[in-house]
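The values are calculated or read from the model by the stated rules, or taken from the named source; none is laboratory data. For clarity, every value in this text was computed on a predicted model and none was experimentally measured. Note that each Cβ is placed from the backbone with ideal geometry, even for glycine, and that neighbours are counted across all protein chains shown.
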């Protein structure tokens, strides 16, 4: 998803789930070393993947993202809950998200 | 009735000049954030200790404290950047203390600050963004590692009509 | 209007005698927690080896060493009766804390397993 699309998409999405304008936005840029796996605790938050990134596996309650996996029929760019990110490239990778945080 | 509670986060610093960004989730019931406190657990590396003189004399000189690093907190609401504090190991706990002849003070026996730093920030912020910057390599050349513990004190109103 | 909703939270047990703590957060529009249930992909391991503490909104509902076998339901239990009835728990903060302990029991051989906590809730629906 491009940043431009995400900017359009987020307000409508938040309106859909009933949050309206009551949310914060943060831009997150993770750098993962080769083979590194991180886990994000994002209950009640949304992480929208920005730009396509290859040799990376992103999993969460909302779905999977992995461009090289032939068994996935639809890639998921929006994630929530316990999100695990695994960089299986032989080099370090940059992964960008827009983090949407509905207010308490 | 008001209830005070605390949430904790820990992280390890093991490289010089390391910068650690972290987010702390504020519980829904929290009305206000009322205090921030820091704790430290030393893991490896020997911090430079000024050797005491062979013959004890009343310590009157001021020694340079060890500045480990700096913690900053940002609220997602109007308060924005609301807290900056340096993490310091006090080297002057024995200044002008005549009992140091028999009982040399250490950081863990003669602490100079026991309470949290009081603040008042709206708990609506949902998330607190923190950044810790390690600066210890300015004073100490060797390898070192330590764990920082950050305590955030919260205040919530409890509805007692169950 | 209140709608019944089931939520699932997973943890992975990767080594024998591991103690793992995880805190999950329920959606803001969940108004009541009615019951819970534990399942696993290796139920024999969960049955013989598992015990946990469960806290909802910082209040303890099951203490440390409460055996997992007491919160599991077999297939011979009617589906509507499988959840442990908690009544109507106010989720407050919405935080559910699970402190799970795996313990050697002498009969089973350890291999990594998943433990799932299912929570039966009521959600506020706009309609």
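Of the residues making up the range B:1-19, those that are within 14 Å of chain C (Cβ to nearest Cβ) and under 13 Å from residue B:150 (Cα atoms) are B:6, B:7, B:8, B:9, B:10. With the checklist (1) over 22 Å from residue A:8 (Cβ atoms); (2) in a strand (DSSP E or B) in hand, flag the one item residue A:54 doesn't pass. Condition not satisfied by residue A:54: (2). Of all residues in the range B:40-59, those satisfying the criterion of being assigned to a loop (DSSP other than H, G, I, E, B) and within 30 Å of residue B:116 (Cβ to Cβ) are B:45, B:46, B:47, B:48, B:49, B:50, B:59. Just one of (1) in contact (Cβ under 8 Å) with a residue 60 or more places away in the chain; (2) surrounded by fewer than 18 Cβ atoms within 10 Å (Cβ to Cβ); (3) under 17 Å from the mean Cα position of the chain (by Cα) fails for residue C:125. It is (3). Does residue C:47 satisfy the condition of being outside any strand (DSSP E or B), over 19 Å from residue B:27 (Cβ atoms) and at pLDDT 95 or above? So residue C:47 fits the description; yes. Residues of the range C:89-116 that are within 14 Å of chain B (Cβ to nearest Cβ) and assigned to a strand (DSSP E or B): C:89, C:95, C:96, C:97.
Filter the range B:76-126 down to residues that are in a strand (DSSP E or B) and within 14 Å of another protein chain (Cβ to nearest Cβ) and give me whichever is farthest from the chain's Cα centre (by Cα). Applying the filter and picking the extreme gives B:122. Here residue B:22 passes the criteria (1) more than 14 Å from every other protein chain (Cβ to nearest Cβ); (2) surrounded by fewer than 17 Cβ atoms within 10 Å (Cβ to Cβ); (3) in contact with a strand residue (DSSP E or B) (Cβ under 9 Å, 6 or more places away or on another chain) except the one numbered (1). Residues of the range A:17-50 that are more than 11 Å from every other protein chain (Cβ to nearest Cβ) and part of a strand (DSSP E or B): A:27, A:31, A:32, A:37, A:38, A:46, A:47, A:48, A:49, A:50.
With the structure loaded, tell me whether residue C:80 is exposed (fewer than 13 other Cβ atoms within 10 Å of the Cβ) and either within 14 Å of chain A (Cβ to nearest Cβ) or out of contact with any helix residue (DSSP H, G or I) (no Cβ under 7 Å at 6 or more places or on another chain) (or both) or whether it fails that test. Yes: the conditions hold for residue C:80.
Here residue A:98 meets the list (1) surrounded by fewer than 19 Cβ atoms within 10 Å (Cβ to Cβ); (2) in contact (Cβ under 8 Å) with a residue 40 or more places away in the chain; (3) more than 21 Å from residue C:9 (Cβ to Cβ) almost entirely, failing just condition (1).
Return yes or no: is residue A:76 part of a loop (DSSP other than H, G, I, E, B) and either surrounded by 12 or more Cβ atoms within 10 Å (Cβ to Cβ) or in contact with a strand residue (DSSP E or B) (Cβ under 7 Å, 6 or more places away or on another chain) (or both)? Yes; evaluated as a whole, the condition is true for this residue. Considering only the range C:60-72, state which residues are touching a strand residue (DSSP E or B) at 6+ places or on another chain (Cβ under 6 Å) and either outside any strand (DSSP E or B) or within 14 Å of chain B (Cβ to nearest Cβ) (or both). C:68, C:71, C:72 - these are the residues of the range C:60-72 that are touching a strand residue (DSSP E or B) at 6+ places or on another chain (Cβ under 6 Å) and either outside any strand (DSSP E or B) or within 14 Å of chain B (Cβ to nearest Cβ) (or both). Within the range C:7-18, being surrounded by 15 or more Cβ atoms within 10 Å (Cβ to Cβ), at the interface with chain A (Cβ under 10 Å from one of its Cβ atoms) and closer than 21 Å to residue C:51 by Cβ holds for C:9, C:10, C:11. Residue count for the range C:19-30, restricted to those that are away from chain A (no Cβ under 14 Å) and at pLDDT below 95: 0.
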